[in-house]
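Novice: Mind looking over this structure? Questions follow.
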Amino acid sequence: MNRIERLQRRRDVAAARAGVRAGTDTLVVHGVITPSDFPCRVGYAVSRAVGSAVVRNRLRRQLRAVVANHAENFPTGGLVLVRVQAAATSRTFAELEADLLRCVGRWRQRAEVVG
């Protein structure tokens, strides 16, 4: 099973943001695949426009759970940024899970390994 780590460094976030993008009306996944053997690193961007702190933290926790449950969908060496849109507040956990997996699947089809 793949391990998932947090996307923490500013330059990694910038690299992910500049990479390939795939999205739905609730989520947008940005990212690149690097040629390293490090575990995939995932970060979450949930702006204040999405809702109160309680709502934003709930969405972030739900997305972290989805990523942990589906770690095999995230490639080794990946730098991934999941951006949450305001429409995500009305989705159930199952709908968020389906949206994220759809976005990640499309992102992986488009992404290439960058050196």
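The values are calculated or read from the model by the stated rules, or taken from the named source; none is laboratory data. Keep in mind the model is a prediction, meaning the values are calculated, not measured. All Cβ positions, even for glycine, are placed from backbone atoms using ideal geometry, and neighbour counts span all protein chains on display.
Novice: Have a look at F74, F38 and point out the one that is at pLDDT below 95 and within 20 Å of R110 (Cα to Cα).
Specialist: F74
Novice: Would you say T24 is out of contact with any Pro (no Cβ under 9 Å at 6 or more places or on another chain), surrounded by 13 or more Cβ atoms within 10 Å (Cβ to Cβ), among the hydroxyl-bearing types (S, T, Y) and within 14 Å of W107 (Cβ to Cβ)?
Specialist: So T24 fits the description; yes.
Novice: Being in contact (Cβ under 8 Å) with a residue 40 or more places away in the chain, of a type outside the set (D, E, K, R) and under 21 Å from D12 (Cβ atoms) is the requirement here; does V66 meet it?
Specialist: It is false that V66 is in contact (Cβ under 8 Å) with a residue 40 or more places away in the chain, of a type outside the set (D, E, K, R) and under 21 Å from D12 (Cβ atoms).
Novice: Now for a different question. Mind listing just one residue for me: the one in region 84-106 that is buried (at least 18 other Cβ atoms within 10 Å of the Cβ) and within 10 Å of the chain's Cα centre (by Cα) and, of those, farthest from V32 (Cα to Cα)?
Specialist: Residue satisfying both the conditions and the ranking: V84.
Novice: Do you know which residues across region 2-43 are more than 12 Å from F74 (Cα to Cα), of a type in the set (K, R) and free of Cβ contacts under 8 Å to residues at least 40 places away in the same chain?
Specialist: R6, R9, R10, R11
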